[in-house]
Amino acid sequence: LPLCFPQKLWKMLESDQFRSIWWSEGGKCVAINKDLFKVEVLGRGVRQRVFNTQHLKSVLRQLNLYGFTKVQRDIQRSASLPEFLAEEAAASAHSQILYYYNPSFNRAHPWLLGTCKRR
């Protein structure tokens with residue numbers, strides 16, 4: 001049987017083959033580096049393709065269909081100009097990373113994976 005979307009996602013996260021997607025927040029969130037994901041996962045040839053798409057928007061739609069919600073990162077800003085500029089540079093690089101959360105998709109509780117159902 002082919003794997004459903006959450007199972008494919010779990011296998012990717014547990015594999016050391018992908019650098020564009022990883023567990024975040026102690027295994028509670030999925031982190032995706034947008035640009036690297038487009039090349040590393042979606043840019044694969046037909047035979048090596050993980051998902052049946054080449055578009056990030058389609059993968060994000062699947063995340064939403066399976067109950068994942070986008071997590072916003074709140075970054076505290078410093079008052080001093082040099083620190084503020086350094087934080088802005090870090091925030092710019094950080095904006096390439098998307099975070100998604102689903103209470104039934106938790107690295108510490110793999111048995112919950114079966115409860116990840118499509119809406």
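Quick note: the coordinates plus some simple rules give every number you see, no bench work behind them. Model, not experiment: these values are computed from the prediction. Heads up, the Cβs are rebuilt from the backbone with ideal geometry, glycines too, and the neighbour counts pull from every protein chain shown.
For this structure, a couple of remarks:
- Radius 10 Å from Cβ of L60, net charge of other residues (Lys, Arg +1; Asp, Glu -1): +4
- Segment K117..R44, full-extension length gain: 23.6 nm, with 0.36 nm per residue of separation and the alpha-carbon distance subtracted.
- For G67, residues with placed amide H under 5 Å, excluding near neighbours: R119
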